[in-house]
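The values are calculated or read from the model by the stated rules, or taken from the named source; none is laboratory data. Every value quoted in this text rests on a predicted model; they were computed, and no experiment measured them. So basically every Cβ, Gly included, is an ideal-geometry build from the backbone, and we count neighbours across all protein chains shown. Only protein heavy atoms, including side chains, enter the accessible area calculation; ligands, DNA and RNA are left aside. Shrake-Rupley method; radii C 1.70, N 1.55, O 1.52, S 1.80 Å.
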Amino acid sequence: MMALRLRVLPTQCPVDLFGLGVSMSLILIIPAEAQLRLAAPWAVAIAESMDCEIIPVVLGADHEILDRHTEATFAKLLYGSPSNSIANGHAPASVTTSATPATVAPSPATSAKSATSATTASSAPARDAAAGDSAGNSPAPLRSPVTVVNLEQDVEPIHQLCQERGCRLLLIPYSHADADWQLKLFQKSKYRTVWLNPCSPPPTKAAEIAGGYRLTELATKRITMKMLGLQPTAWGIDHQKPDHVDDDKQVELAIHAFDQLAADGKSLIVLASNDDNGWLSKAGQAALDEDCGSSFAMVREGQSMARGALARLRRWTDSITPPLSRSERVELQEDLETGSRPSFEFLGLISAASMLAAFGLYQNSAAVIIGAMLIAPLMTPILGAGMAIAVGNRPLFRTAWKAIGLGFVGALVSGACFGVLVLVLRGFSWPDLGPEKATEMWARCNPSPIDFCVGFVGGMAASYARTRKDLSSALAGAAIAAALVPPISTAGLQLVFGPWNLQAHGLPILGPIIVVGINVLTIMAGSSLVLWVRGIRATDGQRKKQDRWAIRTILAVLVAILLVLVGLLEAKLLTGG
């Protein structure tokens, strides 16, 4: 007999996460009477360990009888009724309660959009249910300590319920008749999910638990500790699948290992698997379908806290700014992909913009410099790189970087050529481009952390304007704010005119190049964020996960390097070194 002590909650006081009004719950899927009898003791044990309420979900249209059986089963388990015998002769948990009503707190009714109908039983103290009146009448019948929810056998309504009720764990008792649908629910679940074949009572000692696969040891231990407060003490498979062994043979070996664990007296075997199509998943499904005398559970972690927060952010942004339609996304992607390809036309336009910027810097004319910003085409490949980050498109990322590199080299050479032309026209007489006269030039020789903000906000504005045809005029303002070409032209002019060493007013050549690097990287980051919010995202299976992470890692490293360079440069300027 397993003794549990349930935390007692008033009926009107569900478990509240951080005081936000979100109750944390264990969602128990009940497809039929047999699964209810076997899984209910597990739900009680897990709910006690995780300190959360139980929400039984009865599937199907003909649910009235199963609803009553569900209420009665949990009443017997939680109130400790003498008639609490469970299927197969297994005695359920003997529940010890405190003086207040022993009830698992019911949740409020689900919203209409989730298409659920709640069958709510009233709560009453266990002592009132068990005690008769002074005249010796029979005790009042037990009242349900849970709220039964009725849903169709569909994945989406269950996910909606999990979201509304703050699901901490989704428990799916295995049913051979519903195995295909349960597999779909298990694989698509965004929450910590346990697919359980409860062939034995819940374990009470760590020696009774075994892990299925040692290479998933961390995930297995995390989930078993959450479920039961226990960790596995043995493992079925402790090595990777050899290359010469095919999947079917490996599944057979895994089943044999699981059977051996059951023969050794393990009452629960836990297999952690997020691989939906590999041999590990196939082995878990095969083990669920056989009765080896021990309970078997396939588990998956679901979304991490970060991914869950990201999903909530996406839903929130979608409610504020509706995503682009499919045709709009395709048109935008094609436009940015075309503009991100390096070409002679692109090189000619960036060279002309650099020449014009160099003239404005030489004349110290802000109006001419602004004109150069407007005709420079460098923003498009940077936005293309931002889109590549959002969708994880490595080929586009490489193409955009080639265009950015070509534009940088073209603008730098054009600025230097303009400087040579000025020298020739002046008869090789060096012009006075000191900090007092060439203020526009020297203003671009002092990179600072503020430049990160300018580029990031400019990238967000440019990408948002690009997704809205009625805001195309805002692209000009974003291009002016980003100011990509003038720093490159400044570096080109200083290559010709000098000075070439650190000055009190800034760092020639290298300073403008750092400003350009900061702007390019932060524009990418800002544009990728806005494009992601507007619906330009990778779909499942569209891109390899490692491609997306590789791109983002490279970008993060480059940003970190530039931060260090800016810090060093500012330190030198402050010390006058």
Only one of (1) open to solvent by 60 Å² or more (accessible area, probe 1.4 Å); (2) in a helix (DSSP H, G or I); (3) closer than 26 Å to residue 363 by Cβ fails for residue 437. Which number is that? (2)
If residue 117 meets every condition in (1) modelled with pLDDT under 70; (2) open to solvent by less than 40 Å² (accessible area, probe 1.4 Å); (3) out of contact with any Lys or Arg (no Cβ under 8 Å at 6 or more places or on another chain) apart from one, which number is that one? (2)
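Quick one: in the range 482-512, which of the residues that are of a type in the set (Val, Ile, Thr) and over 15 Å from residue 378 (Cα atoms) is farthest from the chain's Cα centre (by Cα)? Outline the logic, then answer.
Initially, the range 482-512 is screened for residues of a type in the set (Val, Ile, Thr), giving 485, 488, 490, 496, 509.
With over 15 Å from residue 378 (Cα atoms) added as a condition, the list becomes 490, 496, 509.
Details: 490: 42, 496: 50, 509: 41 Å.
The selected residue is 496.
So that you can scan it fast, the table gives a plain yes or no per residue for (1) more than 30 Å from residue 491 (Cα to Cα); (2) touching a His at 6+ places or on another chain (Cβ under 6 Å); (3) modelled with pLDDT of 90 or more; (4) not small (Gly, Ala, Ser):
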residue: 292; (1), (2), (3), (4): yes, no, no, yes
residue: 312; (1), (2), (3), (4): yes, no, no, yes
residue: 332; (1), (2), (3), (4): yes, no, no, yes
residue: 341; (1), (2), (3), (4): no, no, yes, yes
residue: 347; (1), (2), (3), (4): no, no, yes, yes
residue: 356; (1), (2), (3), (4): no, no, yes, yes
residue: 367; (1), (2), (3), (4): no, no, no, no
residue: 371; (1), (2), (3), (4): no, no, no, no
For residue 126: the one exception among (1) among the hydrophobic types (A, V, I, L, M, F, W, C); (2) within 20 Å of residue 32 (Cα to Cα); (3) at pLDDT below 85: (2)
Can you tell me how many residues in the range 185-201 are surrounded by fewer than 24 Cβ atoms within 10 Å (Cβ to Cβ) and either farther than 16 Å from residue 300 by Cβ or at pLDDT below 90 (or both)? 9
In contact with a strand residue (DSSP E or B) (Cβ under 8 Å, 6 or more places away or on another chain) and either surrounded by fewer than 24 Cβ atoms within 10 Å (Cβ to Cβ) or free of Cβ contacts under 8 Å to residues at least 24 places away in the same chain (or both): does that describe residue 160? no
Out of everything in the range 29-68 that is open to solvent by less than 10 Å² (accessible area, probe 1.4 Å) and more than 19 Å from residue 79 (Cα to Cα), what residue ends up being nearest to the chain's Cα centre (by Cα)? 50
Only one of (1) modelled with pLDDT under 90; (2) in contact with a helix residue (DSSP H, G or I) (Cβ under 8 Å, 6 or more places away or on another chain); (3) under 20 Å from residue 517 (Cβ atoms) does not apply to residue 407, and that is (1)
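Only one residue in 421, 502, 475 is at pLDDT 85 or above and either open to solvent by 20 Å² or more (accessible area, probe 1.4 Å) or in contact with a helix residue (DSSP H, G or I) (Cβ under 8 Å, 6 or more places away or on another chain) (or both). Which one? Show your work before the answer.
On the way: 502 fails: at pLDDT 85 or above; 475 fails: at pLDDT 85 or above.
Of 421, 502, 475, the one residue that is at pLDDT 85 or above and either open to solvent by 20 Å² or more (accessible area, probe 1.4 Å) or in contact with a helix residue (DSSP H, G or I) (Cβ under 8 Å, 6 or more places away or on another chain) (or both) is 421.
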Only one of 538, 461 is modelled with pLDDT under 70 and either open to solvent by 20 Å² or more (accessible area, probe 1.4 Å) or touching a helix residue (DSSP H, G or I) at 6+ places or on another chain (Cβ under 8 Å) (or both). Can you tell me which? 538
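Of the residues that sit in the range 359-380 and are free of Cβ contacts under 8 Å to residues at least 60 places away in the same chain and closer than 19 Å to residue 413 by Cβ, which one is least open to solvent (accessible area, probe 1.4 Å)?
At the first step, the residues of the range 359-380 found to be free of Cβ contacts under 8 Å to residues at least 60 places away in the same chain are 359, 363, 367-368, 371, 375, 377, 380.
From what is left, the residues that are closer than 19 Å to residue 413 by Cβ are 359, 375, 377.
Details: 359: 85, 375: 70, 377: 25 Å².
Among those residues, the one meeting the criterion is 377.
Conditions (1) crowded, with 20+ Cβ neighbours inside 10 Å; (2) outside any helix (DSSP H, G or I); (3) at negative phi, marked per residue:
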{"position": "180", "(1), (2), (3)": "no, no, yes"}
{"position": "223", "(1), (2), (3)": "yes, no, yes"}
{"position": "232", "(1), (2), (3)": "yes, yes, yes"}
{"position": "240", "(1), (2), (3)": "no, yes, yes"}
{"position": "248", "(1), (2), (3)": "no, no, yes"}
{"position": "256", "(1), (2), (3)": "no, no, yes"}
Could you identify the single residue in 356, 412, 383 that is touching a helix residue (DSSP H, G or I) at 6+ places or on another chain (Cβ under 9 Å), open to solvent by 50 Å² or more (accessible area, probe 1.4 Å) and assigned to a helix (DSSP H, G or I)? 356
Within the range 333-352, is even one residue of a type in the set (Ser, Thr, Tyr), in contact (Cβ under 8 Å) with a residue 12 or more places away in the chain and over 30 Å from residue 394 (Cβ atoms)? no
